[in-house]
1. So what's the convex hull volume per residue for the Cα atoms of segment B:580-651, in Å³?
2. Can you list residues from other chains, or at least 5 along the same chain, whose modelled amide H is less than 5 Å from the amide H of B:I743?
3. Among B:F762, B:F497, which comes first, then next, by fewest other beta-carbon atoms within 10 Å?
4. Quick one: helix A:94-116 against the long Cα principal axis of chain A, what's the angle to the nearest 10°, folded into 0 to 90?
5. With runs of 4+ DSSP H residues as the only contributors, calculate the mean residue ellipticity of chain B at 222 nm using -39,500 (n - 2.57) per run, divided by the residue total and rounded to the nearest 500.
6. From a point 7 Å beyond the Cα of B:R502 in the direction of its Cβ, which residues of segment B:317-342 have a backbone N at a distance under 18 Å?
7. If I fit a long axis through the Cα atoms of helix B:351-365 and take the longest principal axis of the Cα atoms of chain B, what angle between them do I get, 0 to 90°, rounded to 10?
8. DSSP loop (so not H, G, I, E, B), at most 10 other Cβ within 10 Å: list which trypsin sites (Lys or Arg not before Pro) in segment B:24-130 pass both filters.
Amino acid sequence: MNISELKPRIYGYLGFKGAVASPQTDALIAECLTELDEQNEFRVTYKIFTERPAFLNKPPYESFLKGASAVVIEVASLGATADARIKYLSVANAAKAVVFDACASAFLEACADEWETRFGETRTYRFCPGYGGSEVYDLKYVFELLQPEKVGVTLSESYYMLPSKTVAGIIGIGISARKSCENCFMLPRCEYRKEGARCYDSEKN
Amino acid sequence: MLRLGKELMIFDGGMGSELSKKGLFGNPEELNVTHPEEVKEIHRSYSCADFITTNTFGLNGIKYVGKYGLRELALAAVENARAAGKKVFFDVGPTGSMLAPLGSLSFDEAYSAFAEIADITKDCVDGYIAETFSDLYELKACVLALKEHANKPVFATMTFDARGRTLTGATPEIAVEVLEGLGVDALGANCSLGPKEMLGVAKRILACSGVPVLLQPNRGLPVLKGGKTEYELSADEFAFYAEKFAEMGASIIGGCCGTAPEFIEKLCALRGLQVKRKQISRPTAVTSGTRIVEFCGVKVCGERLNPTGKPKLKEALIAQNYDEIIGEAVRQKEAGADILDINVGLPQLNEPEVMETVCRKVSEYADLPLQIDSSNPAAIERAVRRYNGIPLINSVNGEEIVMAKVFPIAKKYGAVVLGLTMDGRGVPPTALERFEIAKKIIERAADYGIERRKIIIDTLVLTASAEQKLVKETLEGLRLVKSLGVKTALGVSNVSFGLPNRPLLNKTFLAAALACGLDMPIMNPLDAEMTATLKAFGVLSGTDENAEKYIAEYKDFSPASSVAAAVKKTENGSAPSATLRDCILLGLKEKAEELTRKELESNEPMSVVNGVLIPALDEAGKLYDEGKLFLPQLVAAAQAAKTAFKAVSHKLPKQGVSRGTVVLATVKGDVHDIGKNIVKVVAESYGYNVVDLGKDVPPEKVAEAYLKHKPLAVGLSALMTTTVESMEKTIMALRAAGCGRGIFVGGAVLSREIAEQIGADFYTKDALEFVKTLDSFASR
């Protein structure tokens, strides 16, 4: 992975929205990315389903996965050390904590993107329960199927995954799909869209 | 069990994959009752193994949710496993909930869940296998519960990734220290990896474990083949790697996910091989949950978390202001401490309770191993028991009564102990007498089964002003004690009490002690002269190979540059003529503090606040609103302003410069706190006193804090759609406590409309809007 390619995404998370960051911020970003890259605690739990699990037989998953020959369900995480680092930095250097948090999110997304290339070119993006009109509560089915507790990822009663730098995703194999803002629950108050931007790279996805 | 560790023994294989083959899905634990014959059949198919694991991986009071009772399922599972006619080990898996501080499950709650299982099964099983744990802290709770509630062998295995880390960051070396310290009968790794990928982790465990090692890999990773998911590894290939494990010294081998009876049958061909145990020689080591400090070379123990002679820390401890304590811990880590001493000995405090809390709070922020410094055995036990890692206990001395109280605690939890060479008669004057006490401490420790490497001896520093002749006895004692093969410690700066130019005496004595073999100076790591001496000693003693670290530190050294100047170099980028305003806008903390002090020489404190600090912050805020300054810079500016406010406060010791108190919390059910933390930094930078309740805070705690502090405002944060309800409950609790106005809410999922719906007084979209709204609210 070329970590310098992560910068636009990190600027996005930090609210730069196309503006030029200061040299100090750029230096902090470089420092944090090097640290994340050296640590590289990325790990994935996944299963490949040729028979679609029952919870996916409803909108919006049905249309998202239409025509897919298989479905990959994954939970990917940077582990608890990223959370611990953010906590430490919140006292040692709060500005760096903010940057590290954004860098860790971008790094995780990029690691997951790269990991998914093993499923070939023809696949959808990672659709997470909670996106596009789906229910975040569907995460419980993801957890039942994958048991990511076995690598230490847990789902709380209020449906957040811990460690916090964790993503869950559903990927259709043999079909393509591009990300869109349609049905996003943040759309009415999206800071990106107010500026005419998007939270994802619309060229790539 | 007599064969354990002598002859290779075999565990059974996968249960889940065998249940699927029989078309059995759903909750696996309930199948023990609903389909006992099928479960028994699977157990029988593994009857060639020495150990049969019950079908109970998810059976504990926290994870299992269903219509059966734990007892019914557990006893049925044991009966099913008995069908194989072999030793039955009860399978104990994790709770599936994250322990605090990352999650909200407490150590004691986890312990109770595991104790419940032990109570039910203790009379009908042959042992326990706690497996697939990725959090060493949770595994510690589990092992303690099993050992304290059932008198049966306990095996404990964790799941590592291929690079050798568990998800919570423990390495194989840390896991071995902690689990062996807790007295497990076998330890190792299972799940997550195939046998080939597990070789590296297995090698590391075998290199340091003094107890038998158990390895249970998966059948590799599933792959997609012709539209079907398959495990590719054959039973022969699996057995090939198992043979390698045996050659490397494993005592027990079995299989995890995807392995089937034919795999275990192949393994059984290896049964009875003589276990190749090597002589393990390990250095003294202490650990946190994610960091191990091995005593090879000098290790610095930071002494500053001790209220003696530190009125501010004393005040913070009494007021339970943990920010001050955490800040001190982080500063010592930044300055290079390897271990942190924690002392909370104040007569007005409940020492056991406060010791536990402070250790927990410090561990949450700084990952350094802790030295639990107390003469109260109850405080020591409470903190050591709940400590995530292997701590150092400070201390025992040569008195039998003290050793009889502390050594059992050290043995039970595997802690390292600092032994002071004194006894009921005080500190003996001669080196030889202190040496004799050291010998006695080591011998008595051995009586309790404590290895020599778990003892560090302190030959005690007396002040040169009062006991000048005894200084050399301390050093001579150190030299003698080294011959006993233990590590040594000294509270170095005690030597200079009562004399002028203490730093000179401290660093000179430190150099002399290092030359006599001092391993752990207990000192102030922020003392630049002493840390410089340590760096120099690294070169002279050869531990800093090719003087690499020394050169990296001092390559730009010129005689004119003092240590103080070196500290300042971190602030390059600030022009010499930078004003206080510039420093705040640029986020230069140290420089801002220095210039604030200068301003205070000629100006009234409040005019510095209102004339410079607030306008500079307002300017930063304006630039942020205009999109010319961004979040990290805003936070840096706020931090610089906070430092400046602190400098001003020193001039106003009584009333301070607080503009009012604000209580902040992330509501119950939500653990996202970076947004709340940004609000905290910015609010503090504007001179507000912030009481931060943390994350996942129950409504009643927020209401309690409201009643205690009567704040100007309460700020609540939530990031998830699922926790807005919890925010509403918190607002209701606050209203019930009499909070009529001043409830602010914020967070990604909130909007002005939602804020209104749930009854909040103000919605603010970010930290800056929070402070602006608070300012106008405060002036009403």
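No value in this document is a laboratory result; all are computed from the given coordinates. Given the structure is predicted, the values throughout are model-derived calculations rather than measurements. Heads up, the Cβs are rebuilt from the backbone with ideal geometry, glycines too, and the neighbour counts pull from every protein chain shown.
1. Working: hull volume 4.5 nm³, N = 72.
Cα-based convex hull of segment B:580-651, divided per residue, equals 62 Å³.
2. B:V714, B:D761, B:F762
3. Details: B:F762 19, B:F497 14.
So the residues, fewest neighbours to most, are B:F497, B:F762.
4. For A:94-116 against chain A, the angle is about 30 degrees.
5. Details: 31 runs with 349 residues, N = 780.
My calculation for chain B gives -13500 deg cm²/dmol from helical runs alone.
6. Label zone hits: B:332, B:341.
7. Value to nearest ten degrees: 90.
8. Details: sites: B:K40, B:R44, B:K63, B:K67, B:R71, B:R82, B:K86, B:K87, B:K122; in loops: B:K63, B:K67, B:K86, B:K122.
Listed in order of number, the matching sites are B:K67.
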